[in-house]
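The values are calculated or read from the model by the stated rules, or taken from the named source; none is laboratory data. Bear in mind the structure is a predicted one, so any value in this text is a computation, not a measurement. As a convention, Cβ positions derive from the backbone with ideal geometry for all residues, glycine included, and neighbour counts pool all protein chains shown. Side chains included, ligands, DNA and RNA excluded: accessible areas come from the protein's heavy atoms. Shrake-Rupley method; radii C 1.70, N 1.55, O 1.52, S 1.80 Å.
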Amino acid sequence: MGKVGVALAAGCAVAACVVAAVMVGRTVRRRSGWRRVLRVLEELEEGCATPVGRLRQVVDAMAVEMHAGLASEGGSKLKMLLTFIHNLPTGNEKGIYYALDLGGTNFRVLRVKLGGERSSITELDVDRKPIPQHLMTSTTEELFDFIATSLKDFVEKEENVPEPSQGERRELGFTFSFPFKQISSSSGTLIKWTKGFSIEDMVGRDVSQCLQEAMSRKGLDMRVTALINDTVGTLALGHYHDEDTVAAVIIGTGTNACYLERADAIIKCQGLLTTSGSMVVNMEWGNFWSSHLPRTSYDVDLDADSPNPNDQGFEKMISGMYLGDIVRRVILRMSLESDVFGLISSKLHVPFILRTPMIAAMHEDDSPNLEEVGRILQDTLEISEVPLNVRKLVVKVCDVVTCRAARLAAAGIVGILKKIGRDGSGGITNAKSKGGGSMKMKRTVVAVEGGLYTNYTMFREYLNEAMVQILGDDVASHVIIKATEDGSGIGASLLAASHSASSSSTSSGI
Ligand code: BGC
């Protein structure tokens, strides 16, 4: 071999060594990157852990806070708002009633014909519209003019609907799914906005009056006979179908619960006169807080970056508006710590870009190569060619975040059952008498609505499973979690009917 040959051979050897070193370096880096990512996952799992012992602490805290919120105004982060709904629909409601449902990204107008028997809705007409984004942060007048115009269009398009007789008006149940303070069942003043709405001049104003004024501006003659929260509509519809329904929960864009409370337990409003001895209480549980809640650095950051920091803490761990963003934050952290997702995508910095339905779709992707996961990472986050093990990692992150949310919601529900003595732990509903014999537990139905529960199977399964773990098989067999459909719309029309000035319908003492 000549000099040139030797030099060439030596050059090739050096090059081979460099390539090998680079490859080894990459493998080592990838390994240590993978290790760092697994550490992030481990920390997330630890931070989100909800063993049954911790859930029971949340149950107790929820029941304690409910007491405190009923004892005095401002006594708890749970507002425990009075609704002045003493009676729930029985099935005797009859006639045509309207409902308006405003509470998330869409709003709906409904016309419902009630047949005068339980579960006898004979006609249902619904019009659904997205709320233009700019109206969510504009002025009261703009928002309500838009709503009143849509309502008027709906009424003007009606065919074969009899005009109200002389001296009568169309009656409307208005579902307004934000916290408001009531002094009657048909009016209330807005306490604060949630779920991304922010119209400052509306806070403190009477919601029904704002709608009533907008309707007069648009020349629409309709009367708001009931102003309700969406949980209350869900409870009304649940009770209409099944009279053992005692509480209702919404787990959708936001989350909240209401239930029937004994009037004498509402200490902050002594001497409350009710026809039934009970009242529906809107808990506004989205604002529940307890040191027992498993909180991670992602929750802390999400809260700090939100328009309502230190507010709606429970909601920010549970509801559809936020779960996707928690997952985004975890993936961003993993990307910052390693290169398993390739170069850091700028999309990972965009708040709320990963929506909860996408989390559900990734979580429930059962294709062998997790194609849906790959597609969502590519289309939404612009992260391409993600290997299978990294896709699996993303599914695991969705699982951890969703599992925590569902289990906390279950603990919240059991907290309500505990407060009203339906959790089998004592009082009239004690499952076991002191002698060890079995006492009869009352059948207890909780109506649940919202996309997370109805459309996200894994969420629903985790919630149902946690209910059984907390309550035990015996007690859990008496508690029925029932998905209702469109309580926030139909429930409002039912309450419009049972609170109607003109109708002959009657309502049950609860
Ligand atoms: C609101 C509640 C509402 C819940 C579900 C929360 O953000 O504060 O009033 O019931 O969302 O829509």
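Note on the range 233-254: among residues that are under 30 Å from residue 308 (Cα atoms) and in contact with a Phe, Trp or Tyr (Cβ under 7 Å, 6 or more places away or on another chain), the one that is nearest to the ligand (Cβ to nearest atom) is 251. For the range 255-289, the tally of residues that are of a type outside the set (Lys, Arg), away from the ligand (no atom under 16 Å from the Cβ) and in contact with an Asp or Glu (Cβ under 7 Å, 6 or more places away or on another chain) stands at 2.
Selection of the range 189-224 for residues being assigned to a strand (DSSP E or B) and acidic (Asp, Glu) yields only 206. Can you find even one residue in the range 335-354 that is assigned by the TED database to the domain that holds residue 49, within 16 Å of the ligand (Cβ to nearest atom) and under 17 Å from the mean Cα position of the chain (by Cα)? Yes, some residue in the range 335-354 is assigned by the TED database to the domain that holds residue 49, within 16 Å of the ligand (Cβ to nearest atom) and under 17 Å from the mean Cα position of the chain (by Cα).
Is there a residue in the range 169-183 that is within 14 Å of the ligand (Cβ to nearest atom), open to solvent by 40 Å² or more (accessible area, probe 1.4 Å) and within 30 Å of residue 459 (Cβ to Cβ)?
Checked against the condition, which is being within 14 Å of the ligand (Cβ to nearest atom), open to solvent by 40 Å² or more (accessible area, probe 1.4 Å) and within 30 Å of residue 459 (Cβ to Cβ), the range 169-183 yields no hits at all.
For residue 345, the stated conditions do not hold, so it cannot be described as at pLDDT below 95, surrounded by 14 or more Cβ atoms within 10 Å (Cβ to Cβ), among the small types (Gly, Ala, Ser) and closer than 21 Å to residue 40 by Cα. Looking at the range 317-330, which of its residues are within 10 Å of the ligand (Cβ to nearest atom) and open to solvent by less than 10 Å² (accessible area, probe 1.4 Å)? Result: 319, single match. Taken as a whole, the structure places residue 211 among residues that are touching a residue at least 40 places away in the same chain (Cβ under 8 Å), over 20 Å from the mean Cα position of the chain (by Cα), under 28 Å from residue 90 (Cβ atoms) and surrounded by 21 or more Cβ atoms within 10 Å (Cβ to Cβ).
Conditions (1) over 25 Å from the mean Cα position of the chain (by Cα); (2) acidic (Asp, Glu); (3) not in a helix (DSSP H, G or I), marked per residue:
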| residue | (1), (2), (3) |
| --- | --- |
| 33 | yes, no, no |
| 61 | no, no, no |
| 64 | no, no, no |
| 70 | no, no, no |
| 98 | no, no, yes |
| 122 | yes, no, yes |
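Evaluation of residue 301 against the conditions (1) part of a helix (DSSP H, G or I); (2) open to solvent by 20 Å² or more (accessible area, probe 1.4 Å); (3) within 16 Å of the ligand (Cβ to nearest atom); (4) not aliphatic (A, V, I, L, M) shows that the sole unmet condition is (3). Of all the listed residues (81, 55), the sole one being touching a residue at least 12 places away in the same chain (Cβ under 8 Å) and touching a strand residue (DSSP E or B) at 6+ places or on another chain (Cβ under 8 Å) is 81.
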